[in-house]
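Input: a single structure, listed below in structure tokens.
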There are 2 protein chains.
Amino acid sequence: MNTYSERQKKVSSLLAGEDISLLVLCDREGMRNPSIRYLTGHPSDSVLFIFADGRSLLLPWDINLARIKATATQIKPYNDYGRTLGQALSKVLAEEKLPAGSRVEVPDALPYPEFMNIANGPYQFVCRENGLASAIDDMRQIKDDAELVTLRKAFSITDDILDKIEAELRAGQCTETDIALLIDREARLAGAEGTGFETLAAAMGRSYNIHAFPAYTGAIMPADGLSIIDFGVKYDGYTSDVTTTITRNLSPEQEHMVALIEGAVDVAEKLLKPGTLTTDLSGAVNGYLESGGFVMPHNLGHGIGLYIHEKPFLRAKVDPVRLQKGMVFTIEPGIYDPKLGGIRLENDYMITDIGYEKLTNSRIIRL
Amino acid sequence: MNTYSERQKKVSSLLAGEDISLLVLCDREGMRNPSIRYLTGHPSDSVLFIFADGRSLLLPWDINLARIKATATQIKPYNDYGRTLGQALSKVLAEEKLPAGSRVEVPDALPYPEFMNIANGPYQFVCRENGLASAIDDMRQIKDDAELVTLRKAFSITDDILDKIEAELRAGQCTETDIALLIDREARLAGAEGTGFETLAAAMGRSYNIHAFPAYTGAIMPADGLSIIDFGVKYDGYTSDVTTTITRNLSPEQEHMVALIEGAVDVAEKLLKPGTLTTDLSGAVNGYLESGGFVMPHNLGHGIGLYIHEKPFLRAKVDPVRLQKGMVFTIEPGIYDPKLGGIRLENDYMITDIGYEKLTNSRIIRL
């Protein structure tokens, strides 16, 4: 039994435990759920049906790709099931002849009008926050050995690229676009699927934006002041996520910002161990930054894996979760000022038995 | 009054006509709706409230960016409104003191559980397919003069890049990644925001996939047989979408596929005029390809604009729509065979008073 079959069996037992006969998951434009890749290995748009009796049915948009990549009891073209979630579900229910009253759990991301269209017939349709899809998200936030092997490849490529970026910037002048395309090229040449998300490369003058727009331009790097590069490498579906800030000829105020961010990382790392509440962790960093005169306009970090933003979410006021061994997430304190520029330092961490392992080697690059 | 204010006024009058007091639109990870950019110019995550009395309130995630880019009666940080759609809506409703019983339309993409949480209080919450959000999508499918000026810039950059790709491939050997990064670099140097979606570059051996996975690799191009390059250029939010197939040393079966695709384009172009039903158009092309021995596994085309897949959708069996002047969409017949490879030829078209204008110059590149 391969990893995917094992994961599917675990989910089937969750269904049985909640008296759900059928769970439907969907990963497509407008309704993303990377849990299908987690459960089957299929990397592209599809609908997955998991039955309480242990069987699974995958309906991929691209049947050729699924035949190479996917593990499921049955794999059939989505085309044969009407190409809409509603039609596919109707057909599966008709084929399966589930007893009237059976409980069928549909995606929690299902739009209200679509749910109202689908939820008819002699079944009991369940669509809830913190349901089985969320339970699978919880499984996914603790990385297993197979996932860690893959993630470590992504991290290793990421660190190599960070070194190449530093060398490129020390060698002389280039552009935001040069850096972004260096990242993309090196990632793919190293066997990655690509970048984990659109690279952000923002020289001073644009770095005060939390999310630079456009993501990268022809602007010259390095520039005096604070310049930000935020990228990830996606290897076999799993993505890293790091940010480095490049500094040159800083003013005293900018030096203060750098010291503050490096101090914020120290504050966070001291709390990285099993049992820490994510809200306490985030709150401690926020408090430290505020005592230094800055409010962080985004969250402290987020889980990474098959999706760039997944559980656990490191937020100061909501979603308290206790850190557990095997959780892999970013720590990314950042502060931004329209005049002084922006600075963010982001690395990826894993919680261990007694503390943490720092998985990437991003740093402030001082030119 | 600028373009954005005018568009907002049009939407306000739609509200008044349906006795809706407040329309909520949302564009964020997991709930995309580019109509916010269409209505305000704001290019990034945000929630937009439009009132029947003509006012608008934009809650952007990035307030700095919104202050530069956005048009709305009021612009306030999403942070001040709790950073969730539910909290933001509660606060706005409390501030506005709408009369009890007022009709409030929320995004049709709102997940069922979230709708059930939000839809309380003395208001009547409306969440429906083909509601006001859909009416705005309908407005967007007919491009106005300002949009056409922008789109033509995207098309012009696209055509220049097609010529550069052809020159590169004729000059000698490169890789899928070289081509993809050439596209990205040239787009940005020409002032585009970037590519409209992840470029697909699939040499023979991978070209039979409808959607190559990974999107591009270190594989050598050109290769003997059929190789596909699919890309778009995003200028000021508006994207082009073209596909070229590169041919070299074809077998007779592959030559037949090329002739069939070029014939399919002719079949389509003959029907491109106001009044044609999208289902008739798509059905005619499907029939032609089937008579040549191939089933097209995807739709004939889709509208383009602020989103890569928007109305009108050119589908053979569902969503019949009559073509109208000002609609801009792709025509992209494609056929795929695991042994022979894949071929797709995609260009962008606009419906005119009497027929069509072909907006891009993609072609089969025969080496």
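Just so it is clear, none of the values below were taken in a lab; they were calculated from the coordinates. Remember, predicted model here, so these are calculated numbers, not experimental data. When we count neighbours, we look across all protein chains shown, and the Cβ atoms used for this are built from the backbone with ideal geometry, even at glycine.
Can you tell me how region A:142-366 classifies by the Cα gyration tensor, rounded, prolate or oblate, using a/c under 1.5 as the rounded cut? Taking the square roots of the gyration eigenvalues as a ≥ b ≥ c, region A:142-366 is oblate. Comparing A:ALA133, A:SER46, A:ASN120 along the charge dipole axis of region A:3-140, the residue lying farthest to the positive side is A:SER46, per the Cβ-charge model. Annotation: amide H of B:ALA223 within the under-5 Å range of B:MET204, sequence separation 5 or more or interchain, hydrogens built in the peptide plane.
For the protein assembly as shown, the Cβ-based charge dipole about the Cα centre amounts to some 640 debye (Lys, Arg positive; Asp, Glu negative; other atoms uncharged).
Distances between copies at A:LYS358, taken between label points 7 Å from Cα along the C-beta direction, are 5.8 nm in increasing order. When only Cα pairs below 8 angstrom with a gap of at least 6 residues are kept, region A:27-140 shows a relative contact order of 18 percent. Distant-in-sequence amide contacts of B:ARG103, defined by a placed amide H-H separation under 5 Å and a gap of 5 or more residues or a different chain, comprise B:SER21, B:GLN124. Candidate cross-link partners of A:LYS76 among the aspartates and glutamates, defined by an alpha-carbon separation under 14 Å and a same-chain spacing of 8 or more, comprise A:ASP45, A:ASP62, A:GLU95. Legend: mean number of C-beta atoms from other chains within 10 angstrom of residue C-beta atoms, peptide A:186-194, equals 4. Its Cα centre serving as origin, region A:142-366 has a Cβ charge dipole (Lys and Arg +1, Asp and Glu -1) of approximately 240 debye. Sorted ascending by nearby beta carbons within 10 Å, beginning with the fewest, B:ILE75, B:ILE335 become B:ILE75, B:ILE335.
Derived scalar couplings between HN and Hα for region B:296-309 equal 7, x, 9, 6, 6, x, 7, x, 10, x, 6, 9, 6, 10 Hz in order, rounded to whole Hz, by the Karplus curve 6.51 cos²θ - 1.76 cosθ + 1.60 (θ = phi - 60°), x for Gly and Pro. For region A:77-84, 3J(HN,Hα) computed residue by residue from phi via the Karplus equation (6.51, -1.76, 1.60; θ = phi - 60°) reads x, 4, 3, 6, 10, x, 6, 10 Hz, glycine and proline entered as x. Distances between copies of A:GLY292, taken at a point 7 Å out from Cα along the Cα→Cβ vector and listed shortest first: 6.3 nm. Dipole of chain B (Lys/Arg Cβ +1, Asp/Glu Cβ -1, origin at the Cα centre): which of B:GLY194, B:LEU345, B:ALA171 lies farthest to the positive side? About the Cα centre, the residue reaching furthest to the positive side is B:GLY194. Listed by Cβ neighbour count within 10 Å, with the fewest neighbours leading, A:MET204, A:MET350, A:MET296 appear as A:MET350, A:MET296, A:MET204. For trypsin sites (Lys or Arg not before Pro), the sites in region B:223-321 that DSSP calls loop and that have at most 15 other Cβ atoms within 10 Å are B:LYS317. Listed by Cβ neighbour count within 10 Å, with the fewest neighbours leading, A:SER56, B:SER207, A:SER13, A:SER251 appear as A:SER13, A:SER251, A:SER56, B:SER207. For a test of the definition: using alpha carbon positions, the gyration tensor, and the 1.5 limit on a/c, classify the protein assembly as shown as rounded, prolate or oblate. Rounded, because the longest to shortest axis ratio a/c is under 1.5. Across the copies of the chain, B:ASN117 has label points (7 Å from Cα along Cα→Cβ) spaced 2.5 nm apart, shortest distance listed first. Cross-link reach is defined here as a Cα-Cα straight distance under 29 Å, omitting same-chain residues fewer than 8 places apart; for B:LYS153 the lysines meeting it are B:LYS9, B:LYS10, B:LYS69, B:LYS143, B:LYS164, B:LYS234, B:LYS270, B:LYS273, B:LYS311, B:LYS325, B:LYS358. Rounded, prolate or oblate for region A:187-270? Axes are the square roots of the Cα gyration tensor eigenvalues, ordered a ≥ b ≥ c, and the cut-off for rounded is a/c under 1.5. The shape class here is oblate.
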